[in-house]
Amino acid sequence: DVKVTQSSRYLVKRTGEKVFLECVQDMDHENMFWYRQDPGLGLRLIYFSYDVKMKEKGDIPEGYSVSREKKERFSLILESASTNQTSMYLCASSLLDGGLYEQYFGPGTRLTVT
Amino acid sequence: GENVEQHPSTLSVQEGDSAVIKCTYSDSASNYFPWYKQELGKRPQLIIDIRSNVGEKKDQRIAVTLNKTAKHFSLHITETQPEDSAVYFCAASVGDNNDMRFGAGTRLTVKP
């Protein structure tokens, strides 16, 4: 069974704080993804990574950065959190060619920025 | 870039009726179309998928159809049950097959 875990289920941060969201998968998947989920907007891709130290921008990368130092771990970083980054954040992983295979999602992190 | 539109945004049906959710996509190179179900408070999970060399796929009460010419695909749920109530997302692969784009989701409510 693929397992994708995220470091926190709920997180409350203040405006301007640096925020780290961690994601770990245990299936040796090459691809990892970060999405944010907002009502009426579905799942929007922030960044994805197809290999260690590789990253690609998704549709809404502004205000975010990512880090992939190890294959199993993909971190999303909010350099200076803002209230419009309050959202549910979902991490996912898949085999290479992530557009051709099922993505396995983590449980999500609900981030509130006050 | 790829754009995936999903309709309707909410759908309410009576138990036992059928439900249909439709999606359109813009990238003619897309060739993988999964559907995910997200129950309240849980992670999205794949329920069915279809590849571009197939026009229809069925799995018990769930079916997906694909029209590549018109660039649309649909999810059909027959004999709906209350446990089918969830948010459903369609998705389409992006041309280089490294990632995919999701629709905005459909909240399906099945009334007992």
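Looking across B:T69, B:T80, B:T65, one residue alone is of a type outside the set (F, W, Y), crowded, with 16+ Cβ neighbours inside 10 Å and within 22 Å of B:S52 (Cβ to Cβ). It is B:T65.
The set of residues from region A:74-97 being under 15 Å from the mean Cα position of the chain (by Cα) and either within 11 Å of chain B (Cβ to nearest Cβ) or under 28 Å from B:S30 (Cβ atoms) (or both) comprises A:F74, A:L76, A:S87, A:M88, A:Y89, A:L90, A:C91, A:A92, A:S93, A:S94.
Every residue, every condition in (1) closer than 26 Å to A:D59 by Cβ; (2) out of contact with any Leu (no Cβ under 9 Å at 6 or more places or on another chain), yes or no:
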| position | (1), (2) |
| --- | --- |
| B:L11 | yes, no |
| B:Y25 | yes, yes |
| B:E39 | yes, yes |
| B:E56 | no, no |
| B:D59 | no, yes |
| B:T65 | no, no |
| B:S74 | yes, no |
| B:S85 | no, no |
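Results for (1) assigned to a strand (DSSP E or B); (2) modelled with pLDDT of 90 or more; (3) within 14 Å of chain A (Cβ to nearest Cβ), shown as yes or no for each residue.
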residue	(1), (2), (3)
B:E5	yes, yes, yes
B:K42	no, no, yes
B:A70	no, yes, no
B:D96	no, no, yes
B:R107	yes, yes, yes
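Looking only at region A:46-59, decide whether some residue is surrounded by 21 or more Cβ atoms within 10 Å (Cβ to Cβ), farther than 22 Å from B:L40 by Cβ and touching a residue at least 60 places away in the same chain (Cβ under 8 Å). No: zero hits.
Being in contact (Cβ under 8 Å) with a residue 12 or more places away in the chain, more than 14 Å from chain A (Cβ to nearest Cβ) and of a type in the set (S, T, Y) is the requirement here; does B:S85 meet it? Spelling it out, B:S85 is indeed in contact (Cβ under 8 Å) with a residue 12 or more places away in the chain, more than 14 Å from chain A (Cβ to nearest Cβ) and of a type in the set (S, T, Y). In region B:58-72 there is at least one residue that is under 21 Å from A:G40 (Cα atoms) and of a type outside the set (G, A, S). Scanning region B:18-37 for residues that are charged (D, E, K, R) and either more than 21 Å from A:Y101 (Cβ to Cβ) or within 12 Å of the chain's Cα centre (by Cα) (or both), which turns out surrounded by the fewest Cβ atoms within 10 Å (Cβ to Cβ)? Among those residues, the one meeting the criterion is B:K22. The set of residues in region A:41-59 being over 18 Å from A:T112 (Cα atoms) and not in a strand (DSSP E or B) consists of A:Y50, A:D51, A:V52, A:K53, A:M54, A:K55, A:G58, A:D59. The residues listed here are A:S67, A:S49; of these, the one that is over 20 Å from B:K42 (Cβ atoms) and more than 14 Å from every other protein chain (Cβ to nearest Cβ) is A:S67. Determine, yes or no, whether B:E15 is under 23 Å from A:V4 (Cβ atoms), in contact (Cβ under 8 Å) with a residue 24 or more places away in the chain and more than 10 Å from chain A (Cβ to nearest Cβ). No; evaluated as a whole, the condition is false for this residue. If you go through region A:86-113 and keep only what is crowded, with 19+ Cβ neighbours inside 10 Å and not in a strand (DSSP E or B), you end up with A:G98, A:G99, A:Y101, A:Q103, A:G106, A:G108.
Scanning region B:73-94 for residues that are under 27 Å from A:C91 (Cα atoms) and part of a strand (DSSP E or B) turns up B:F73, B:S74, B:L75, B:A86, B:V87, B:Y88, B:F89, B:C90, B:A91, B:A92, B:S93.
The values are calculated or read from the model by the stated rules, or taken from the named source; none is laboratory data. A quick note: this is a predicted structure, and the numbers were derived from the prediction, not measured. Methodologically, a virtual Cβ is constructed for each residue, glycine included, from the backbone with ideal geometry; neighbour enumeration extends over all protein chains shown.
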